[in-house]
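Written below as structure tokens is the structure these notes are about.
Please treat every number below as a calculation from the coordinates, not as lab data. Here the structure is a predicted model, which means the values were calculated and not measured. A quick note on method: Cβ atoms are made from the backbone with ideal geometry, for glycine too, and the neighbour counts reach across all protein chains shown.
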């Protein structure tokens, strides 16, 4: 389970809108697929909570494919304004024209609209989502005077990493209670090893070793390590090994170095790599 592909390349306000032709590979870790299906059928907004790289993006890509809905993904950031979501007037050679933003397109098309790391967006921007998350299912567009009713199939999904965000930012209670929350986490070891093997092409024994290494490092979460290794990092290490990079060098580059710059922590992580792959 993972959100391993990068989404929203280019300007941060750009979105990914597509109807997947091929099934995204996803390994369920619980009852999340059925729960999401029932939320979609009942027009309930969904909040995906989980650590970085645990599979939130891949899960929503899979569900969009399974439900046969287009997916519009919006990476959130500090400068994301309401107009970036809704749209704006543009000046062209023949006059001024209105251009829908990604949220407005999703409402019109009946798409799944996924706001990744929603707590990074400004609070005044998040407020525009409220009317879409209750029985009204509408989007007022003040600049045009239009009020859009969400097309059938529209669903709003947001995600964030509570472990990282709780000390920095959080959603207001009035916003949180508009969503059904789904807690995602790293898969069980045997499932995670299967994912790493499938996604990177590495052999089963090495995949199991990478997962064992990740388990050891994840126990350091409360000992000075701000972020723990994601499944995404394990796949990157496996991919480097498949390409011919030495096992330890791949682990140092893909797992140790992205996690810390502090010399003593880096040394401890390298020692764990050496102890895992004797």
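Could you give the length gained by full extension between residue 134 and residue 83, i.e. 0.36 nm per residue of separation minus their alpha carbon distance, to one decimal place?
Extra length available between residue 134 and residue 83 comes to 16.2 nm.
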What percent does the relative contact order of the chain come to when contacts are Cα pairs within less than 8 Å and at least six residues apart? 20
Per-residue ellipticity at 222 nm for the chain, helices alone: DSSP H runs ≥ 4 residues times -39500 (n - 2.57), over residue total, nearest 500 deg cm²/dmol? -10500 deg cm²/dmol
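So if each residue of separation counts as 0.36 nm, and I subtract the Cα-Cα distance between residue 108 and residue 180, what length gain in nm does that give? Provide the component values of the computation, followed by the final result.
Working: separation 72, 0.36 × 72 = 25.92 nm, distance 2.27 nm.
Separation in residues times 0.36 nm, less the Cα-Cα distance, equals 23.6 nm.
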Taking the Cα-to-Cβ direction at residue 146 and at residue 278 and moving 7 Å from each Cα, how far apart do the two end points lie in nm? 6.7
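Take the Cβ-Cβ distance between residue 245 and residue 33 as r, set R0 to 30 Å, and report the resulting FRET efficiency rounded to the nearest 0.05. Spell out each step's value before the answer.
Details: r = 35 Å, r/R0 = 1.16.
After rounding to 0.05, the efficiency reads 0.30.
Based on DSSP, what percent of beta bridges with both residues in segment 16-183 are antiparallel, to the nearest 5? Walk me through the numbers on the way to the answer.
Details: 13 of 30 bridges.
Of the beta bridges lying entirely in segment 16-183, close to 45 percent run antiparallel.
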Pop a pseudo-label 7 angstrom from the Cα along the beta-carbon direction at both residue 264 and residue 23 and give the gap in nm to one decimal. 5.0
Nearest 10 degrees, 0 to 90: what angle lies between the long axis of helix 32-41 and the longest principal axis of the chain (Cα atoms)? 0
Tilt relative to the chain, helix 204-218 - C-alpha long axis, 0 to 90 degrees, to 10: 80
Antiparallel DSSP bridges in segment 101-200: what percent, to the nearest 5? 50
Picking from 22, 203, 170, which is most flexible by a Gaussian network model of the chain using Cα springs under 10 Å? 22
On C-alpha positions alone, give me the angle between the axis of helix 189-200 and the longest principal axis of the chain, in degrees, nearest 10. 80
With springs only between Cα atoms under 10 Å, which of 28, 75, 102 fluctuates most in a Gaussian network model of the chain? 28
